[in-house]
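So the structure is just underneath, and the comments pick up after that.
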Amino acid sequence: MKKFILMFFIVFAGTNLFAQEVSIDEILVNIEKKDSSIQDLSVDYTQLINYYSVDEKQTSYGDVKFQKQNNLCIVQKKPQLQYTYIDGKKMTVFVPANNQAIVDSWKSVLKNDIIVATMINFSKNWKQLKKTATIELSNQTDNDYVLLIKPIENEGWKLFVNVDKQNYLINETVFDNGNFSINVTLKNYRTNIKLKNSLFKFVPDKDTEVIEL
């Protein structure tokens, strides 16, 4: 019996040691390879923002459609219907209830919104990101690799990115800067479904107010 327990311990310990051998660079390269095989995708999202100082939480959900060449359409269904269109150069946010569209530079959004940049362009931007932040394997579960991203200069934020071990798609991110946290989950991926180009183009009605920033 003792020999059996000892043998089980050796096998179990060896299995766990083997599981830890994967490197962060291997994971990042596999994420990049997966991205290269995807021409378009649709996925459902849920976002929870938690403001610590006032103990306030905000939840939103909807779906995201993505097409190569940085074409992106985010449809927020709750709490308010909102459409976000991104074409790689500009971002347009349209709120039907206000009949108003705000147009901003996508480049400025990428620079200022780490969540959007990571969720949508992580596979393309991780090499650039490593110039200003560290990316390490923080943990791994049976299903996911958990990556931890922190700025090299102490800017007071950290970002956890969960990557599915089987398909190397991102299924969750948690951003925390000490003042608030943003948790985004992605479910029901549908890839290479030949989305129509028209889904990514915003065509305003004549009476829609369009504001260029």
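Table for the structure above
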{"quantity": "Options Glu155, Glu172: the member that is in a loop (DSSP other than H, G, I, E, B) and within 27 Å of Ile49 (Cβ to Cβ)", "calculated": "Glu155"}
{"quantity": "Residue selected from region 52-84 under the condition at pLDDT 90 or above and acidic (Asp, Glu), by the criterion surrounded by the most Cβ atoms within 10 Å (Cβ to Cβ)", "calculated": "Asp63"}
{"quantity": "Members of region 154-213 that are farther than 30 Å from Val22 by Cβ and among the basic types (Lys, Arg)", "calculated": "Lys194, Lys196, Lys201, Lys206"}
{"quantity": "Subset of region 34-91 [aliphatic (A, V, I, L, M), assigned to a loop (DSSP other than H, G, I, E, B) and either touching a residue at least 40 places away in the same chain (Cβ under 8 Å) or closer than 18 Å to Ile170 by Cβ (or both)]", "calculated": "Ile38"}
{"quantity": "Qualifying residue in region 130-152 (condition: in a strand (DSSP E or B), among the β-branched types (Val, Ile, Thr), farther than 14 Å from Ile31 by Cβ and free of Cβ contacts under 8 Å to residues at least 24 places away in the same chain)", "calculated": "yes"}
{"quantity": "Qualifying residue in region 85-100 (condition: farther than 24 Å from Lys206 by Cα, out of contact with any strand residue (DSSP E or B) (no Cβ under 6 Å at 6 or more places or on another chain) and modelled with pLDDT of 90 or more)", "calculated": "no"}
{"quantity": "Residues (more than 27 Å from Lys34 (Cβ to Cβ), surrounded by 11 or more Cβ atoms within 10 Å (Cβ to Cβ) and without any contact (Cβ under 8 Å) to a residue 24 or more places away in the chain) located in region 172-213", "calculated": "Asn177"}
{"quantity": "Hits in region 182-213 (condition: part of a loop (DSSP other than H, G, I, E, B) and of a type outside the set (D, E, K, R))", "calculated": "Asn192, Ile193, Leu195, Phe202, Val203, Pro204, Thr208, Leu213"}
{"quantity": "Residue check, Leu147 touching a helix residue (DSSP H, G or I) at 6+ places or on another chain (Cβ under 9 Å) and either among the charged types (D, E, K, R) or exposed (fewer than 12 other Cβ atoms within 10 Å of the Cβ) (or both)", "calculated": "no"}
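The values are calculated or read from the model by the stated rules, or taken from the named source; none is laboratory data. Note that this is a predicted model, so its numbers are computed, not measured. Backbone-built Cβ (ideal geometry, glycine too); neighbour counts: all protein chains shown.
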